[in-house]
Amino acid sequence: MKKVLVLVLASLLIFSFAVSAQEMTLRLADNQPEGYPTVVGAKEFARLVEERTNGRIEIEVYPGGILGDESSTIEQVQFGAIDFVRTSITPMANFEPAMNVLSLPYLYPSEEYMFQVLQSDIGDGVLEGLKDAGIVGLTWYDSGARSFYTADTKVTSPEDLEGLRIRVQESQLMMDMVEALGASPTPIAWGEVYSALQTGVVDAGENNYPGWYYNSHHEVAPYFVEDQHNRIPELIIMSKMTWDKLSPEDQKIIKQAAVDSTEVQRAAWDKRTEEAKKLAVEEGATITTLNAEQKQAFQDKVKGLYPKYSEGYEDLLNSILNFEMEK
């Protein structure tokens, strides 16, 4: 009897040790400020993980670049110093070139189309390509649709952009896109865009609604056209070193919690977008919505860029272009 009791107690101790060994506090970095939609999504992710593990796994969210800038935090994830990062897609292309295809202009007809693509085997396959870099891709987040806004010209067709100097990021793809539309790409630092528009150094810019409104660009470039040339997703990544320490059950919980947090993140983004749009109109801005035929005219102008930027990933591009949405 004593031997049985000893065995039972030993089993309980081993079980208790195994459980406590899986108790952990993990860190998630985001360079956006408190209240930004990606931070809202990250906090929902943390809440879901804590709830579904009964508090065993806690994720602390550090917004505002507290743990470093985007490049630094990605590097820290690779070496296990940080467990998660919310990142833009551009630096991820350094580890998985297929990411470049996801950034092609006028690629997705709608936000819903993009997310159905990303949450299918297509998106999962792209995320899988990050593992060799010590990164586990968990889920995709929304960052809105980028469109053009101009100082003096109401735009309804590509011809309206011809000859305009348009501020762009330091991106060859963006510069090639603007040139294909007949305009002149002008790379300028983000903090200098307002004055460049105000003084006529550039005639137009491009960004999403929150970027346009909350940086006061609507004051100097009040004509916004919803051409939606870029829908560039963002993502939550995890350190593979941390991932490999988890049990299969906890890996499944974390992966699903990240995916489920997307709904809250997208809702937060939509709310911020609608708020920016409403306030801009109230302050005198003009918004032009394009019909399908008008949008097609823009897409036709840039399709020549697809072969250049999808070289080696033609199957991926075709799978996105021919994707059949679920109704």
Practice task
Averaging sequence separations of C-alpha pairs under 8 Å and six or more residues apart, then dividing by the length of region 36-113, give the relative contact order as a whole percent.
Solution key: 17 percent
Problem - Point-charge dipole on Cβ atoms (K/R +1, D/E -1) for region 70-226, about Cα centre, debye to 20 - result: 240 debye
Problem - For region 245-327, projected area of the alpha-carbon convex hull averaged over all directions, nm² - result: 10.3 nm²
Exercise for the section: Would you mind estimating how fast region 174-236 diffuses translationally, via Stokes-Einstein at 20 °C and 1.002 mPa s with the Kirkwood radius over Cα pairs, in µm²/s? Expected result: 168 µm²/s
Handout entry: Filtered chymotrypsin sites (Phe, Trp or Tyr not before Pro), region 266-309: DSSP coil and at most 13 other beta carbons within 10 Å
Key = none
Problem - Debye, to nearest 20: dipole size of region 166-267, +1 on Lys, Arg Cβ, -1 on Asp, Glu Cβ - result: 340 debye
Handout entry: Anisotropy class of region 39-122 from Cα gyration tensor, a/c 1.5 cut
Key = oblate
Fill in the blank from the handout: Around residue 134 (Cβ within 14 Å, Cβ-to-Cβ, excluding residue 134; K/R +1, D/E -1) the net charge comes to -3
Completion exercise
From fewest to most C-beta neighbours within 10 Å, the residues 203, 244, 30 line up as 244, 203, 30
Problem - At most 16 other Cβ within 10 Å, DSSP loop - chymotrypsin sites (Phe, Trp or Tyr not before Pro), region 73-153 - result: 79
Practice task
Report the antiparallel proportion of the DSSP beta bridges in the chain as a percent, rounded to a multiple of 5.
Solution key: 55 percent
Problem - Debye, to nearest 20: dipole size of the chain, +1 on Lys, Arg Cβ, -1 on Asp, Glu Cβ - result: 1080 debye
Exercise for the section: Mind computing the radius of gyration and Dmax over the alpha-carbon atoms of region 79-177? Å is fine for both. Expected result: 16.6, 50
Practice task
State, as an integer percentage, the relative contact order of the chain based on alpha-carbon contacts under 8 Å between residues 6 or more apart.
Solution key: 24 percent
Practice task
State the Cα centre-to-centre distance between region 114-129 and region 212-277 in whole Å.
Solution key: 15 Å
Completion exercise
Rounded to a whole number, the Stokes-Einstein D of the chain in µm²/s (Kirkwood radius over Cα pairs; 10 °C; 1.306 mPa s) is 74 µm²/s
Completion exercise
region 167-280 -> Rg/Rh from Cα coords, Kirkwood Rh, value 1.12
Practice task
Kindly put 150, 90, 199 in sequence by how many other C-beta atoms sit within 10 Å of each C-beta, fewest to most.
Solution key: 199, 90, 150
Completion exercise
Relative to the chain, whose Cα atoms define the longest principal axis, helix 2-21 and its Cα axis are tilted in degrees, nearest 10, by 20 degrees
Practice task
For region 176-327, build the charge dipole from Cβ charges (+1 Lys, Arg; -1 Asp, Glu) around the Cα centre, then report which of 265, 232, 312 sits farthest towards its positive end.
Solution key: 265
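Values in this text are rule-based calculations from the coordinates and carry no lab data. What you are looking at is a predicted structure, and each value in this text was computed from that prediction instead of being measured. Cβ coordinates were reconstructed from backbone atoms using ideal geometry, including for glycine residues, and neighbour counts include every protein chain displayed.
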